[in-house]
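One structure is given below, encoded as structure tokens.
We did not get these values from a lab; they are worked out from the coordinates using the rules stated. Please read all numbers here as calculations on a predicted model, not as lab measurements. Here the Cβ positions follow ideal geometry from the backbone for every residue, glycine too, while neighbour counts run over all protein chains shown.
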Number of protein chains: 2
Amino acid sequence: MRPLIAIDWGTSSLRGARLGRTGQVLESREFARGILTVPPGQFEAVFKEYFGDWMQAPDALCLISGMAGSRQGWQEAPYCPCPAGFFELGQHLLWLQPGRMALVPGLSYMGADPLNTPDVMRGEEVQIFGALQMAGRKNATLVLPGTHSKWVQVQDARVTQFQTFMTGEVFALMSQHSILGKSLDLNGAIDEAVFLQAIDRSLQAGSVLHHLFAVRTLGLFERLSATQLPSYLSGLLIGEELRAQDLSAHSDPLILIGSEALTRRYTLALQHLKVPCQSRGAEATWTGLYALASSCELS
Amino acid sequence: MRPLIAIDWGTSSLRGARLGRTGQVLESREFARGILTVPPGQFEAVFKEYFGDWMQAPDALCLISGMAGSRQGWQEAPYCPCPAGFFELGQHLLWLQPGRMALVPGLSYMGADPLNTPDVMRGEEVQIFGALQMAGRKNATLVLPGTHSKWVQVQDARVTQFQTFMTGEVFALMSQHSILGKSLDLNGAIDEAVFLQAIDRSLQAGSVLHHLFAVRTLGLFERLSATQLPSYLSGLLIGEELRAQDLSAHSDPLILIGSEALTRRYTLALQHLKVPCQSRGAEATWTGLYALASSCELS
């Protein structure tokens with residue numbers, strides 16, 4: 001197998017790993033050079049600046065996932081429609097240098113509503129296949145918490161459907177720009193009991209548009225302190241995300257992929273609801289890109 | 001009856017009306033001098049600047065409702081707990097000049113959840129009683145759309161319970177500060193068909209945290225134009241507010257109180273759902289303060 005240069009180029013960061021012939025990570029790098037910092041036409045130059053040395057290996061193969069393949073990125077790699085697995089992703093690679101460097105497309109899923117409302121992901125598909133590989137599973141529900149959380153169904157090693165939730169972005173907007181922000185002190189650690197109270201509140205009847213206002217009044221009436229309120233806000237929003245799921249359907253553990261801080265919150269909430277789960281970190285990206293290269297016999 | 005100086009001093013505006021002895025509006029004024037523009041200790045001076053001439057009538061009575069009675073306002077007028085009608089409001093007036101000038105308190109309602117989560121309003125209570133007076137009703141469900149929409153139950157002329165929804169604020173955050181903002185053109189008129197499609201979507205299963213992401217993808221896939229997307233966003237959020245209500249319970253018309261632009265949207269949505277409703281404008285404030293003064297025999 002040829003040496004793989006695995007790149008995850010997202011909105012706010014640029015990460016890369018040089019993998020050995022059996023997939024082991026030989027070296028990794030991370031830079032605050034997300035696609036939003038790169039002027040149009042400069043992607044190749046920025047890539048060479050940070051990873052040019054790795055590409056000097058004559059038989060190197062480079063696969064790039066994430067927002068680099070979006071309309072605002074290096075080149076637009078059209079979405080690969082679901083259901084999609086390694087075969088479909090491999091068919092939809094956008095080759096920047098034939099046989100040597102490609103953008104991995106994101107996935108799209110069209111809803112059954114009157115507007116066929118689309119849902120999309122870019123970069124998560126690679127983490128999903130990596131996490132499945134690591135867990136040795138071909139069927140799973142996966143959750144990728146974050147700015148735009150993804151809930152994903154995989155059947156027989158193909159993503160069959162998924163849904164995006166703006167949970168992380170709404171948390172940021174509420175704590176930074178809304179009237180609630182005045183009540184919050186974001187410097188404290190999570191208060192697990194308060195977080196779970198908010199999870200329970202969201203799972204009951206009512207609307208999150210109403211529950212959110214409680215963050216203001218619980219502060220105003222001193223029921224919760226300024227350092228407890230972010231835990232309450234976080235619990236309300238994650239609880240609202242969980243409310244929309246059929247959690248009774250899961251006998252196999254859910255697979256969570258993301259930072260330790262975020263997957264810990266989801267694990268707390270899911271354990272509270274007696275739903276089994278297990279977590280994977282960002283290394284799923286490298287496993288996923290390696291598995292994609294292997295299964296498409298690119299290397 | 002003494003001449004009434006009716007003042008509504010809110011977060012972003014200061015409105016006043018001079019009423020005749022039978023409640024007719026003789027003169028009204030409005031200034032962009034909401035409480036957020038007034039330094040602590042300066043409320044009396046600002047009031048005198050704009051309404052001092054009206055107060056020269058020796059037998060004038062002045063009632064001030066709204067955020068002027070909040071902790072950030074002129075003085076804090078503690079919330080009057082529900083159930084509350086004119087009698088309870090009259091008991092909780094905070095007199096700035098005994099018998100001559102008073103702050104009308106807001107209302108509070110304590111939830112039955114473990115934290116007794118409070119809900120609060122300031123200023124709306126006066127509009128509610130004014131609208132009931134104008135409609136000649138003592139029992140009603142009222143909706144006050146806005147930054148923080150209120151759904152209010154009134155039984156036998158007393159507010160028995162109410163809920164706040166952050167609908168307007170979330171619309172502003174989403175259109176101004178979120179990733180969705182990039183897709184929206186806010187300069188168009190409402191597209192009623194698109195607005196109602198979004199109402200229907202929110203009333204179905206799922207979560208508003210998911211539905212919101214559609215505003216991005218419907219733009220990305222050119223299913224809706226940039227000028228249509230604000231109607232979709234508005235419909236999703238108002239639909240989420242409606243989803244939390246038991247609309248089947250209403251045989252008498254709902255009473256909407258607010259600006260023409262906002263009550264028109266709620267009227268569209270409610271007619272679509274075959275729920276009868278009628279609208280009242282900001283003049284409900286003057287009627288409400290006059291009715292409060294009369295019924296408490298203040299004048």
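Here, the protein assembly as shown yields an orientationally averaged convex hull projection of 28.7 nm² when only Cα atoms define the hull. Against the main long axis of the alpha-carbon atoms of chain B, helix B:229-243 sits at an angle near 70°. Note on chain A: Kirkwood radius taken over Cα pairs, Stokes-Einstein applied at 25 °C and 0.890 mPa s, translational D equal to 120 µm² s⁻¹. Scalar couplings 3J(HN,Hα) for the stretch B:212-228, obtained by applying the Karplus form with A = 6.51, B = -1.76, C = 1.60 to θ = phi - 60°, are 4, 5, 4, 4, 6, 6, 5, x, 4, 8, 6, 7, 10, 7, 4, 7, 7 Hz; x denotes Gly and Pro. Taking a ≥ b ≥ c as the square roots of the eigenvalues of the alpha carbon gyration tensor, the stretch B:94-154 is oblate, as a/c is not under 1.5 and a/b does not beat b/c.
Gain on full extension, evaluated as 0.36 nm per residue between A:Arg2 and A:Ala172 minus their Cα-Cα distance, stands at 57.0 nm. Relative to the longest principal axis of the Cα atoms of chain B, the long axis of helix B:192-203 makes an angle of roughly 90 degrees. Annotation: amide H-H contacts under 5 Å for A:Met166 (H modelled 1.01 Å from N, sequence separation of 5 or more, or interchain): B:His210, B:Phe213. Peptides A:208-219, A:109-120, B:199-210, ordered by how many other C-beta atoms sit within 10 Å of their residues on average, highest first, read A:208-219, B:199-210, A:109-120. Couplings 3J(HN,Hα) for the stretch A:160-173, derived from phi with the Karplus relation 6.51 cos²θ - 1.76 cosθ + 1.60 (θ = phi - 60°), are 9, 7, 7, 9, 9, 10, 7, 3, x, 5, 5, 4, 5, 4 Hz, where x marks Gly and Pro. Counting Cβ atoms of other protein chains within 10 Å of each Cβ in B:114-126 and taking the mean gives 4. The length gained by stretching the chain between B:Met110 and B:Arg21 to full extension, at 0.36 nm per residue less their Cα-Cα distance, is 28.3 nm. For the stretch B:65-87 versus the stretch A:136-205, the spacing of their alpha-carbon centroids is 36 Å. Dipole check for the stretch A:1-126: with +1 at the C-beta of Lys and Arg, -1 at the C-beta of Asp and Glu, and the Cα centre as origin, the magnitude is about 340 Debye.
Charge tally around A:Leu236: other residues with Cβ under 13 Å, Lys/Arg +1 each, Asp/Glu -1 each, net 0.
Helical content of chain B, expressed as a calculated mean residue ellipticity at 222 nm, amounts to -10000 deg cm²/dmol (DSSP H runs of 4 or more residues, -39,500 (n - 2.57) each, divided by residue number, nearest 500). A Cβ-based charge dipole, computed about the Cα centre of the stretch A:165-280 with Lys and Arg at +1 and Asp and Glu at -1, lands at about 120 debye.
Per residue of B:158-171, what is the mean number of Cβ atoms on other protein chains within 10 angstrom of that residue's Cβ?
Whole-number average of other-chain Cβ neighbours for B:158-171 is 4.
Taking Cα centre as origin and charging only the Cβ of basic (Lys, Arg, +1) and acidic (Asp, Glu, -1) residues, the dipole magnitude of the protein assembly as shown rounds to 100 debye.
Percent of alpha carbon pairs in the stretch A:165-280 separated by more than 17 Å? The share of Cα pairs beyond 17 Å in the stretch A:165-280 comes to 53 percent. Remark: the stretch A:34-47, residue by residue, has Karplus-estimated 3J(HN,Hα) of x, 4, 5, 8, 9, x, x, x, 9, 5, 5, 5, 5, 4 Hz, where x stands for each Gly or Pro and the curve is 6.51 cos²θ - 1.76 cosθ + 1.60 at θ = phi - 60°. Remark: spin-label model distance A:Asp59-A:Thr147 equals 3.9 nm, labels positioned 7 Å along the Cα→Cβ axis. Put simply, the amide H of A:Leu254, placed in the peptide plane, has neighbours under 5 Å in A:Cys277, A:Gln278, leaving out anything fewer than 5 places away on its chain. Computed from Cα atoms, the angle from the helix A:260-272 axis to the main principal axis of chain A rounds to 50 degrees.
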